Amino acid sequence: MLTLCRLFLWFLFYSFAGWVYESILCSITERKWVDRGFLYGPLCPIYGSGAVLILLALGRLTNPLVLFLSGMTLCSILEYAVSWLMEKLFHARWWDYSKKPMNLHGRVWIGNLILFGLASAIIVRVVDPFFFSWVSRIPLFMMAILVWTLWALFVCDCGLSFTVMNLLKKH
């Protein structure tokens with residue numbers, strides 16, 4: 001149970017960090033505030049999923065180059081799969097790199113893959129040890145309350161977001 005709680009907190013932490021990154025980057029590009037993400041809340045679950053995948057699959061790697069290349073590969077597979085799935089489910093694209101060089105079907109682009117590789121190494125070697133030590137200090141009872149509360153909010157947000165997307169798809 002403790003491991004699942006920590007995984008969920010990792011997922012939320014990195015989903016929020018991804019939302020901040022995306023929103024700031026897109027706001028600078030657009031020169032106005034852009035709230036990125038599929039959900040109404042401040043989360044981009046693809047970032048949380050990618051970070052948890054990296055931590056579980058690559059968390060014990062010590063070679064920085066292997067960590068970079070493996071992270072780049074895993075994240076590119078995840079980004080491609082999520083792009084494809086969201087397009088099939090909602091008949092819309094949330095990102096399109098088709099105008100950038102070295103892209104694959106507009107779903108993944110080498111520039112982001114390099115950033116994902118760097119982020120993988122930073123997450124495993126720098127951020128996660130700090131975050132893990134912080135989460136480890138939360139008493140189990142408090143962690144359970146926190147996780148169940150955040151889980152309920154996340155599920156409600158997903159339900160609302162999917163409902164609205166399906167209504168928009170019909171119109």
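The values are calculated or read from the model by the stated rules, or taken from the named source; none is laboratory data. What you see is a predicted model, and the numbers here were worked out from it, not measured in a lab. Heads up, the Cβs are rebuilt from the backbone with ideal geometry, glycines too, and the neighbour counts pull from every protein chain shown. When the accessible area is computed, the model is the full protein with side chains, heavy atoms only, and any ligands, DNA or RNA have been set aside. Shrake-Rupley method; radii C 1.70, N 1.55, O 1.52, S 1.80 Å.
Look at Phe154 and say whether it is open to solvent by less than 40 Å² (accessible area, probe 1.4 Å) and either modelled with pLDDT under 95 or not hydroxyl-bearing (Ser, Thr, Tyr) (or both). Even if it seems obvious, please write down each step before you answer.
Details: open to solvent by less than 40 Å² (accessible area, probe 1.4 Å): yes; either modelled with pLDDT under 95 or not hydroxyl-bearing (Ser, Thr, Tyr) (or both): yes.
It is true that Phe154 is open to solvent by less than 40 Å² (accessible area, probe 1.4 Å) and either modelled with pLDDT under 95 or not hydroxyl-bearing (Ser, Thr, Tyr) (or both).
Is there a residue being aromatic (Phe, Trp, Tyr) and without any contact (Cβ under 8 Å) to a residue 40 or more places away in the chain anywhere in region 28-37? First the steps, then the outcome.
First, the residues of region 28-37 that are aromatic (Phe, Trp, Tyr): 33.
Applying the additional criterion that residues be without any contact (Cβ under 8 Å) to a residue 40 or more places away in the chain yields 33.
Yes; the residues of region 28-37 include at least one that is aromatic (Phe, Trp, Tyr) and without any contact (Cβ under 8 Å) to a residue 40 or more places away in the chain.
Would you mind finding the one in Gly71, Gly111, Gly106, Gly37 that is at pLDDT 90 or above, assigned to a loop (DSSP other than H, G, I, E, B) and open to solvent by less than 60 Å² (accessible area, probe 1.4 Å)? So that I can check it myself, show each step before the final result.
Details: Gly71 fails: assigned to a loop (DSSP other than H, G, I, E, B); Gly111 fails: assigned to a loop (DSSP other than H, G, I, E, B); Gly37 fails: at pLDDT 90 or above.
Checking each option against the conditions leaves just Gly106.
Restricting to region 43-67, count the residues that are in a helix (DSSP H, G or I) and under 17 Å from the mean Cα position of the chain (by Cα).
Step one: filter region 43-67 for residues in a helix (DSSP H, G or I), giving 45-58, 64-67.
The next check asks that each one be under 17 Å from the mean Cα position of the chain (by Cα); those that pass are 45-58.
The number of residues fulfilling the criteria is 14.
On the given criteria, is Ala17 in a helix (DSSP H, G or I), touching a residue at least 12 places away in the same chain (Cβ under 8 Å), over 21 Å from Ala144 (Cα atoms) and open to solvent by 40 Å² or more (accessible area, probe 1.4 Å)? First the steps, then the outcome.
On the way: in a helix (DSSP H, G or I): yes; touching a residue at least 12 places away in the same chain (Cβ under 8 Å): yes; over 21 Å from Ala144 (Cα atoms): yes; open to solvent by 40 Å² or more (accessible area, probe 1.4 Å): yes.
Yes; evaluated as a whole, the condition is true for this residue.
Sort out which residues of region 90-103 are open to solvent by 50 Å² or more (accessible area, probe 1.4 Å), assigned to a loop (DSSP other than H, G, I, E, B) and within 30 Å of Leu168 (Cα to Cα), and write them in order of number. Let's see the steps before the verdict.
Residues of region 90-103 that are open to solvent by 50 Å² or more (accessible area, probe 1.4 Å), as a first pass: 91, 93-94, 96, 98-103.
Checking which are assigned to a loop (DSSP other than H, G, I, E, B) leaves us with 91, 93-94, 96, 98-102.
Once the filter is applied, which keeps residues that are open to solvent by 50 Å² or more (accessible area, probe 1.4 Å), assigned to a loop (DSSP other than H, G, I, E, B) and within 30 Å of Leu168 (Cα to Cα), region 90-103 yields His91, Arg93, Trp94, Asp96, Ser98, Lys99, Lys100.
Just need a number here: residues in region 115-138 that are part of a helix (DSSP H, G or I) and either farther than 16 Å from Tyr47 by Cβ or more than 17 Å from the chain's Cα centre (by Cα) (or both).
First pass over region 115-138, keeping only residues part of a helix (DSSP H, G or I): 115-136.
Then keep just the ones that are either farther than 16 Å from Tyr47 by Cβ or more than 17 Å from the chain's Cα centre (by Cα) (or both); that gives 125-126, 129-130, 132-136.
Selection size over region 115-138: 9.
Would it be correct to say that Phe141 is within 15 Å of Tyr40 (Cβ to Cβ), assigned to a helix (DSSP H, G or I), of a type in the set (Phe, Trp, Tyr) and open to solvent by 30 Å² or more (accessible area, probe 1.4 Å)? Don't jump to the end; show me each part of the working.
On the way: within 15 Å of Tyr40 (Cβ to Cβ): no; assigned to a helix (DSSP H, G or I): yes; of a type in the set (Phe, Trp, Tyr): yes; open to solvent by 30 Å² or more (accessible area, probe 1.4 Å): yes.
The answer is no for Phe141.
Here's the yes/no breakdown for (1) more than 17 Å from Gly18 (Cα to Cα); (2) of a type in the set (Val, Ile, Thr); (3) in contact (Cβ under 8 Å) with a residue 60 or more places away in the chain; (4) surrounded by 13 or more Cβ atoms within 10 Å (Cβ to Cβ):
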residue	(1), (2), (3), (4)
Trp84	yes, no, no, yes
Arg125	yes, no, yes, yes
Phe130	yes, no, no, no
Trp134	yes, no, no, no
Met165	yes, no, yes, yes
